[in-house]
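Everything on this sheet refers to the single structure shown next.
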Amino acid sequence: MNLISKILISAFIFIGFSACKKDNGFSNIPEIKLRDFYKITSEEAVWKIGFKDGDGDVGVRNVDDPDNFIVTIFSIKNGKDSLVQGQNYRVPIIKGVVTENGVEGEISLKIDYSLYKIVGIDSAYYSGYLVDRAGNHSNTIITPKFRI
């Protein structure tokens, strides 16, 4: 085998190994799922959301960045669902996590629904989705319906 053949074979082996980057199974579009939703007082609840993102660009960097967890609230009054103005949230950048292979974690949102008692709403539920820094929208998740 001559020197050029050895170099070409070595180059193909190197290219083959470098192309075999471990696939973490995470999409670059964020994915979320409902982990838990429970009341902590008669006017507050906690919404726990699991997330994963393949390129790790979840979280806002600056105070001027837009909200990145978009929430829609549905009220139920006399058995009829109605859309209510949502309150969006800002999920910060995940610190101390290497993001080369993506990130995975949990977001906990504290929800205050005391205002709904004033306007006579029977029950409510929330839907929400996460937006990463590239502008990709995750799937939408919905909380269970809960009594006010």
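Where a number appears in this text, it was derived from the coordinates with a stated rule and is not lab data. Note that the structure is a prediction, hence the values are computed from the model and not measured. We place every Cβ from the backbone using ideal geometry, glycine too, and count neighbours over all the protein chains shown.
In region 40-84, if the dipole is taken from +1 on Lys/Arg beta carbons and -1 on Asp/Glu beta carbons about the Cα centre, which of PHE69, ILE40, VAL58 is farthest to the positive end? Positive-end residue among those listed: ILE40. Placing a label point 7 Å from the Cα of GLU106 along the Cα-to-Cβ line, the residues of region 35-62 whose backbone N sits under 18 Å from it are 35-41, 45-53. With only Cα atoms counted, region 40-100 has Rg and Dmax values of 15.8, 50 Å. Percent of Cα pairs in region 24-147 per distance bin of 10 Å, from zero to the largest separation: 13, 42, 29, 14, 3.
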